1. Across the range 38-54, in residue order, what do the Karplus-derived ³J(HN,Hα) couplings come to in whole Hz, using 6.51 cos²θ - 1.76 cosθ + 1.60 with θ = phi - 60° and x for Gly and Pro?
2. Give 102/154; 15/116; 116/154 a once-over and call out the pairs whose C-alpha atoms are over 22 Å from each other.
3. For n ≥ 4 DSSP H runs only, could you compute -39500 (n - 2.57) per run for the chain, divide by its residues and tell me the 222 nm figure to the nearest 500?
4. By the scheme Lys and Arg +1, Asp and Glu -1, what is the net charge of all other residues having a beta-carbon under 12 Å from that of residue 36?
5. Could you list the trypsin sites (Lys or Arg not before Pro) in the range 12-70 that lie in coil according to DSSP, counting only those with at most 16 other Cβ atoms within 10 Å of their Cβ?
6. Taking only C-alpha pairs under 8 Å that are 6+ residues apart, what is the relative contact order of the range 11-156 in percent?
7. Residue-wise, which Karplus ³J(HN,Hα) couplings in Hz belong to the range 134-150, taking 6.51 cos²θ - 1.76 cosθ + 1.60, θ = phi - 60°, and x for glycine or proline?
Amino acid sequence: MEKTTRTIMTLSYHKISTSDINILMPIEEACHSHPWSEKTFNSCIGGRYFGDYLQVDNQLVGFYIGEHVAGEATLMDICVVPELQGKGYGKALLDHFFNQAKQLNNTAIWLEVRAKNISAQMMYINNGFIETGRRTGYYPSANGFGYEDAIVMKKSF
C-alpha cells in the first residue's frame, strides 16, 4: 500500500488599510505594465471600496480591491505575485471577493480585463462571468505603443 502525504496550507485574509499600501505596491507593480500609483491605491481604500490581501502560511500572495455602489460591485484590481500565479490563489481571491460582495448586498459584479489577458478571461468565464461589451482603446498597450481593448464582463448572483 502506497502512503501519500498531504500538505495543509493556511490561507488567511486581511482587510486592506492604508498602512498596507507599502507591502502591496510591489505586487501591483509586478503584475501590471501600467500599475496604479500609490495615490490611486490610497484613494481606493475605505468608503465604497473594499479589499483584502491573502497570505498563505504567512507569505503574502496577492490582493483584490472592489467597489460597491447601488447594489453592484466592480472588481477594480486583483493581483497575485507573478511567481505564485497558476496555483489557484487568483481563484481563492476571486471567491473571497464574491463572498464580500454578497455580504454587501450586491446582486451583480462587473469587471474589465485586457483583451490580450486570456488566462484572466478564462478564470472569469469559469467563475460565471459573461462578456457584455468591449471598450476600444481602453488600456495603454503593455509595450508602450498604442492602446488595447478592454473586455467588459458581468456576473449576476
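Bear in mind these aren't lab numbers, they're just calculated from the coordinates by the rules spelled out. Quick caveat: nothing in here was measured; it's all calculated off a predicted structure. Glycine also receives a Cβ, built like all others from the backbone with ideal geometry; neighbour counts cover every protein chain displayed.
1. Values per residue, Gly and Pro as x: 4, 4, 5, 4, 4, 6, 9, 10, x, x, 7, 9, 9, x, 9, 10, 10 Hz.
2. Flagged as over cut-off: 15/116.
3. -7500 deg cm²/dmol
4. The answer is -3.
5. Answer by residue number: 48.
6. About 18 percent, as a whole number.
7. 3J(HN,Hα) across the range 134-150, in whole Hz: 9, 10, 5, x, 6, 9, x, 4, 4, 8, x, 10, x, 9, 10, 6, 10.
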